[in-house]
Amino acid sequence: MAGFLLGIDIGTTATKGILLHPTHGIVAESQAAAELQSPQPGWAEEDPADWWANVGSVTRACMVQAGIETDDVAAVGVSGMVPTLILLDADGQVLRPSIQQNDARAAQEIHELQSQVDQDDVLARTGSSVTQQSIGPKILWLRRHEPEMVQRTVHLLGSYDFIVHKLTGRFSCERNWALESGLFDLHREDWDAALLGSARIEHGWLGEVHWPSDVVGEVTPAAAAQTGLAAGTPVVAGSADHIASAFSAGLKGSGDLLVKLGGAGDILYCLDHLVVDPRLYLDYHVIPGKYLINGCMAASGSIIKWFRDEFAPGANHAELDVAAANVHPGSDGLVLLPYFLGEKTPINDPLARGVLFGLTLTHTRAHVYRAVLEGISFGFRHHLMVLAERGLKADKARVTNGGARSALWKQITANVLNLPLEEIAHHPGSSLGAAFIAGKGIGLFRQWGEIDRFVDVAATVEPEPSAHASYEAPFAVYQELYKRNRDLFEQIK
């Protein structure tokens, strides 16, 4: 039973892998932990060497679990966080820890670039404004604070492009890393020379831009020794994690909506025409001719992990959910701003900070935990307001990622958004999309719609009208909290 497809996802908290068979579906899954480092406030870094080590262990574990031989894997696809920034020297060695997409260190450089360019023109050309997500300000920060690293730089890659390089020895760039970098002209479909110049980025640092399913190389003998794959196995360009995840959750039609309850909070809306908004990001769908307008909150599930580790180290998530379920909607007047790593969309403010507002001596740990869940859900609702302003509405959403295992978080999200949430059964996330893309790249799948054979809606969480009404006042407070404190955030160092 050859013809297996390996899908790898380089995630914030774990490297995940699956083996997909076109007929039998997912036959193996494995993951290995990754660790996000924040050595200074607003910083977000990881060690790419850990990702590569994880790819080896996850790949071997999947092959053992499935009981297959080395040459039974027909192709490999990789997805990952975007637009992560990794610098390599002339020998292909990583120069410093990655700078993650939610890193907020370059606030000054963002302001400087914004003042140097016509923001409306940049938005029209690239599909996004100069924000915390952009690669340009981070390179300017590195030039200012770590010039020796930039001087040694020969290659600039993203997370999954780095793994593709480690597998194949090739330097490629999947088109959604290019687009989300803020350096790519979506109309000419090429790097924008003026923006590269403003950010002082060398064109030669950047790999050739590819569609996700393009075969960009083959597994090298060295990578084969690391992973257990056969040398010569085709490797495709891969995909941004949120794009692969949305596709593998079944988002294909215009108006389809996905809410991802992960370490960062993603919300994606499928389009068959181009729409840009300075408050949101724009990505290419894996299906040519379609787009995904989307938002990403810098911290969501990572706040839940922080809360558990710091304030409930002996409790698991299920125990915290049980206690918080007994708290009334609105957490008895407690409102959280989830801007723990600054915030990306829709406010695009790297200086924003988390706020817990309304504390009294009557509040308990359960109140605070519920306020965390509600605050994240308010962030998703803020995005729906932006979409509605552009005439983009949805009557339901699909929900994925680790938070989808929490009945309480799902119900709170459904209530806040006032939308039914369709949970995908046994959804492995981006790794499924990456595996399917690999299969499409080598011809094992002929149509993109064949993804539906691997997508199963397990249950639908219906919104509760009374609870939704209870959230109107807290959500209004949520919106005002940022507006009234925005100037104060600038004073926090």
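Looking only at the range 301-330, count every residue that is among the polar types (S, T, N, Q), at pLDDT 95 or above and either surrounded by 18 or more Cβ atoms within 10 Å (Cβ to Cβ) or not assigned by TED's automatic domain parsing to the domain that holds GLN411 (or both) and tell me the total. Steps first, please.
Of the residues in the range 301-330, the ones among the polar types (S, T, N, Q) are 302, 316, 326.
In the following step, the residues that additionally are at pLDDT 95 or above were identified as 326.
From what's left, either surrounded by 18 or more Cβ atoms within 10 Å (Cβ to Cβ) or not assigned by TED's automatic domain parsing to the domain that holds GLN411 (or both): none.
Total satisfying the criteria: 0.
Between ARG370, ARG353, ARG398, which is outside any helix (DSSP H, G or I) and buried (at least 24 other Cβ atoms within 10 Å of the Cβ)? Before you say what the answer is, go through the steps one by one.
Details: ARG370 fails: outside any helix (DSSP H, G or I); ARG353 fails: buried (at least 24 other Cβ atoms within 10 Å of the Cβ).
Result: ARG398 is the single residue among ARG370, ARG353, ARG398 that is outside any helix (DSSP H, G or I) and buried (at least 24 other Cβ atoms within 10 Å of the Cβ).
Pick out the one residue from ALA222, ALA178 that is of a type in the set (A, V, I, L, M), crowded, with 23+ Cβ neighbours inside 10 Å and either within 17 Å of ALA244 (Cβ to Cβ) or assigned by TED's automatic domain parsing to the domain that holds ILE110 (or both).
Values: ALA222 fails: crowded, with 23+ Cβ neighbours inside 10 Å.
Criteria check complete, one pass: ALA178.
Restricting to the range 115-128, name every residue that is surrounded by 16 or more Cβ atoms within 10 Å (Cβ to Cβ), at pLDDT 90 or above and either polar (S, T, N, Q) or under 16 Å from ILE86 (Cβ atoms) (or both).
Of everything in the range 115-128, just one residue is surrounded by 16 or more Cβ atoms within 10 Å (Cβ to Cβ), at pLDDT 90 or above and either polar (S, T, N, Q) or under 16 Å from ILE86 (Cβ atoms) (or both), namely THR126.
Which residue, of VAL150, VAL164, VAL235, is β-branched (Val, Ile, Thr) and assigned to a strand (DSSP E or B)?
On the way: VAL150 fails: assigned to a strand (DSSP E or B); VAL164 fails: assigned to a strand (DSSP E or B).
Only one candidate qualifies: VAL235.
Which helices (runs of 4 or more DSSP H) does the range 429-493 wholly contain that include 2 or more residues that are at pLDDT 95 or above, within 30 Å of ASP72 (Cα to Cα) and of a type outside the set (Ser, Thr, Tyr)? I'd like the intermediate steps shown before the answer.
Values: elements: 430-442, 465-470, 472-489.
Counting at least 2 such residues, we get 430-442.
Kindly establish whether ALA231 is assigned by TED's automatic domain parsing to the domain that holds SER134, free of Cβ contacts under 8 Å to residues at least 60 places away in the same chain and of a type outside the set (Asp, Glu). Even if it seems obvious, please write down each step before you answer.
Values: assigned by TED's automatic domain parsing to the domain that holds SER134: yes; free of Cβ contacts under 8 Å to residues at least 60 places away in the same chain: yes; of a type outside the set (Asp, Glu): yes.
Taking the combined requirement at face value, the residue satisfies it.
Taking the range 35-51 as the search range and keeping residues that are surrounded by 15 or more Cβ atoms within 10 Å (Cβ to Cβ) and outside any loop (DSSP other than H, G, I, E, B), which one is farthest from the chain's Cα centre (by Cα)?
Among those residues, the one meeting the criterion is ASP50.
Please go through the range 401-428 and pick out each residue that is at pLDDT 95 or above, part of a helix (DSSP H, G or I) and buried (at least 19 other Cβ atoms within 10 Å of the Cβ).
LEU408, TRP409, LYS410, GLN411, ILE412, THR413, ALA414, ASN415, VAL416, LEU417 - these are the residues of the range 401-428 that are at pLDDT 95 or above, part of a helix (DSSP H, G or I) and buried (at least 19 other Cβ atoms within 10 Å of the Cβ).
May I ask you to list the residues in the range 106-147 that are outside any helix (DSSP H, G or I), touching a residue at least 40 places away in the same chain (Cβ under 8 Å) and over 14 Å from ASP349 (Cβ atoms)? Quick ask: steps written out before the conclusion?
From the range 106-147, those outside any helix (DSSP H, G or I) are 106, 117-118, 127-134, 146; that's our starting set.
So of that shortlist, the ones also touching a residue at least 40 places away in the same chain (Cβ under 8 Å) come out as 106, 117, 127-134, 146.
Result: VAL117, GLY127, SER128, GLU146.
For the range 363-417, name all the residues that are acidic (Asp, Glu) and within 22 Å of the chain's Cα centre (by Cα).
Answer for the range 363-417, where residues must be acidic (Asp, Glu) and within 22 Å of the chain's Cα centre (by Cα): just GLU374.
Would the range 337-349 turn up any residue that is touching a residue at least 24 places away in the same chain (Cβ under 8 Å), within 30 Å of ALA107 (Cα to Cα) and part of a helix (DSSP H, G or I)?
So the first thing to find is which residues in the range 337-349 are touching a residue at least 24 places away in the same chain (Cβ under 8 Å), and the list is 337-349.
Those left that are additionally within 30 Å of ALA107 (Cα to Cα): 337-349.
This time we only want the ones that are part of a helix (DSSP H, G or I), so: none.
No, there is no match, as no residue in the range 337-349 is touching a residue at least 24 places away in the same chain (Cβ under 8 Å), within 30 Å of ALA107 (Cα to Cα) and part of a helix (DSSP H, G or I).
The values are calculated or read from the model by the stated rules, or taken from the named source; none is laboratory data. Every value quoted in this text rests on a predicted model; they were computed, and no experiment measured them. Using ideal geometry, Cβ is built from the backbone for each residue, glycine included, and neighbour counts are taken over all protein chains shown.
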